[in-house]
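Heads up: the structure comes next, in structure tokens.
The values are calculated or read from the model by the stated rules, or taken from the named source; none is laboratory data. These figures come from a predicted structure and were not determined experimentally. A quick note on method: Cβ atoms are made from the backbone with ideal geometry, for glycine too, and the neighbour counts reach across all protein chains shown.
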């Protein structure tokens, strides 16, 4: 079984609060209620202030591997990735 990444984010700012990552093998899908009891960043929030974005397994795989950060656009519900500027020099 393959389960896609589950991303919980602040519904006002789009800041990612918890990224449950992709899972495969002998795994089971968890409920939102369960996730709020298990993950500290979620348990500290009121459920109505958080939105869950469920991705397909492998979705945005390249973007996650290459990015240096991401957030959710609260207007569109789409992920926005940031990447290191290839013209920047590392010191």
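For the structure I just gave you, tell me whether residue 41 is in contact with a helix residue (DSSP H, G or I) (Cβ under 8 Å, 6 or more places away or on another chain), at pLDDT 95 or above and surrounded by 11 or more Cβ atoms within 10 Å (Cβ to Cβ).
No, not satisfied.
State all residues of the stretch 18-38 that are crowded, with 17+ Cβ neighbours inside 10 Å and touching a helix residue (DSSP H, G or I) at 6+ places or on another chain (Cβ under 8 Å); if no residue qualifies, say none.
Of everything in the stretch 18-38, those that are crowded, with 17+ Cβ neighbours inside 10 Å and touching a helix residue (DSSP H, G or I) at 6+ places or on another chain (Cβ under 8 Å) turn out to be 18, 20, 35, 36.
Does residue 58 satisfy being surrounded by 11 or more Cβ atoms within 10 Å (Cβ to Cβ), outside any strand (DSSP E or B), touching a strand residue (DSSP E or B) at 6+ places or on another chain (Cβ under 9 Å) and in contact (Cβ under 8 Å) with a residue 24 or more places away in the chain?
yes
Among residues belonging to the stretch 65-79 that are surrounded by 13 or more Cβ atoms within 10 Å (Cβ to Cβ) and touching a residue at least 24 places away in the same chain (Cβ under 8 Å), point out the one that is farthest from residue 21 (Cα to Cα).
74
Identify, please: which residue in the stretch 1-55 is under 9 Å from the mean Cα position of the chain (by Cα) and assigned to a loop (DSSP other than H, G, I, E, B) and is, among those, nearest to residue 77 (Cα to Cα)?
55
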